[in-house]
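Working notes, beginning with the structure itself.
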Amino acid sequence: MVQPTATVFGGSGFIGRYIIQRLARRGWILRIAVRRPDEALFLKPLGDVGQITPVAANIRDERSVGAASAGVETIINLIGILYERGPQRFAAVHAQGAERVARAARAAGAARLLHVSALGADPQSPSLYARSKAEGEARVHEQFPSAIIVRPSIVFGPEDDFFNRFAEMARVCPVLPLIGGGHTRFQPVYVGDVAHAAVAALETPDAAGGIFELAGPRIYSFRQLMELLLAEIGRKRILLSLPWSLARLQARVLELLPRPPLTVDQLKLLERDNVASGQFPGCAELGIQPTGPEAILPAYLDRFRVGSRFARA
């Protein structure tokens, strides 16, 4: 039996490790294309000897992207950034980089291309992040019309940067801010379901050229998500409404930090709900019943819980 092959750009990230684990279990031979291959070595134990190989590639460099794409049947692009720093700009990564990967996939004669975008991708969005994601989708389909595009909502799981970040804040701060009153709505999706959906889409011939919105089973306001988090870790904290105007002032300062917790562009994203539009297929069409955060949070927020031996006051 011939084993399927794939190059996964950005495979060492949060979503990548789950997709790689699922593909490895199904016998795929995987090439993990990252800027620093030594930082992807932790993925090798997810497969058999020689099944997972990290290679050097920079999505902004045509030659390295082409070399990483050569000789495989499937290309998966997971690369994305949440804020801009130095040469890592939204346009360079989400639009030009995505186009570069798609062009390399076409040149290499790959049979399939899976591109991971974001649920808020919109060419009319006030957010540069969301506009660059939409432009990336368009460029990918121009270069590789049969590419599969998936748009996850906020992704949660043990390594996430959402619930973990606010749980850490709740452990040390008496107040959690609710930007704009906490009314923005979200439809968080479990990282395991995103990985399942990605693999299912690759194995579904009818998925070629399609766009899939990956969202969880329930819609929550930001306030409801913070209430859920606090209930899970057993902490009482003040949920303080923060006006948009004040949040913008804070974001202008915070975005100067090396790893900003909030930027002005992210605030623009928060001004719009992040829920499935219903205009595109999603988890159900890929045979997946999505899992809500109530079933998953206890498995990885224990260290923040009052009374846990890992928790601090």
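The values are calculated or read from the model by the stated rules, or taken from the named source; none is laboratory data. Keep in mind that this is a model prediction, so the values were computed, not measured. Don't worry about glycine lacking a Cβ; one is built from the backbone with ideal geometry, like all the others, and counts go over all protein chains shown. The area values use the complete protein model at the heavy-atom level, side chains included, leaving out ligands, DNA and RNA. Shrake-Rupley method; radii C 1.70, N 1.55, O 1.52, S 1.80 Å.
Observations on the structure shown:
- Extension gain for the segment Val253 to Ala299, taken as residue separation times 0.36 nm less the Cα-Cα distance, is 13.1 nm to one decimal.
- Remark: C-alpha extents of the chain on the principal axes read 56, 42, 37 Å, sorted largest to smallest.
- The Rg/Rh ratio for the range 1-98 is 0.97, where Rg is the radius of gyration of the alpha carbons and Rh is the Kirkwood radius.
- Extension gain for Ala91-Ser277 works out to 64.5 nm (0.36 nm per residue, less the C-alpha to C-alpha distance).
- Rg over Rh, two decimals, the range 69-142 (C-alpha only, Kirkwood Rh): 1.00
- Take 51-59, 144-152, 242-250 and order them by the average number of nearby Cβ atoms within 10 Å per residue, most first; the result is 144-152, 51-59, 242-250.
- Inter-probe distance in nm under a simple model that places probes 7 Å from Cα toward Cβ, at Glu142 and Gln21: 3.8
- In straight-distance terms, cross-link reach from Lys268 covers every one of the aspartates and glutamates whose alpha-carbon lies under 14 Å from its own, apart from those fewer than eight places away in the same chain; here that gives Asp122, Glu255.
- The chain: angle of helix 128-143 to the longest principal axis, Cα-based, in degrees nearest 10: 20
- Within-13-Å neighbourhood charge of Leu202 [Cβ basis; K, R +1; D, E -1]: 0
- For the range 119-264, the Rg and Dmax computed from alpha carbons only, in angstrom: 17.7, 51
- Near Phe156, once Lys and Arg are set to +1 and Asp and Glu to -1 for all other residues with Cβ below 13 Å from its Cβ, the sum equals -4.
- Taking all protein chains together and rolling a 1.4 Å probe, His141 ends up with roughly 50 Å² accessible.
- Rolling a 1.4 Å probe over the heavy atoms of the protein chains gives the range 21-129 an accessible area of 46 Å² per residue.
- Accessible carbon and sulfur surface of the chain relative to its total accessible area, %, 1.4 Å: 54
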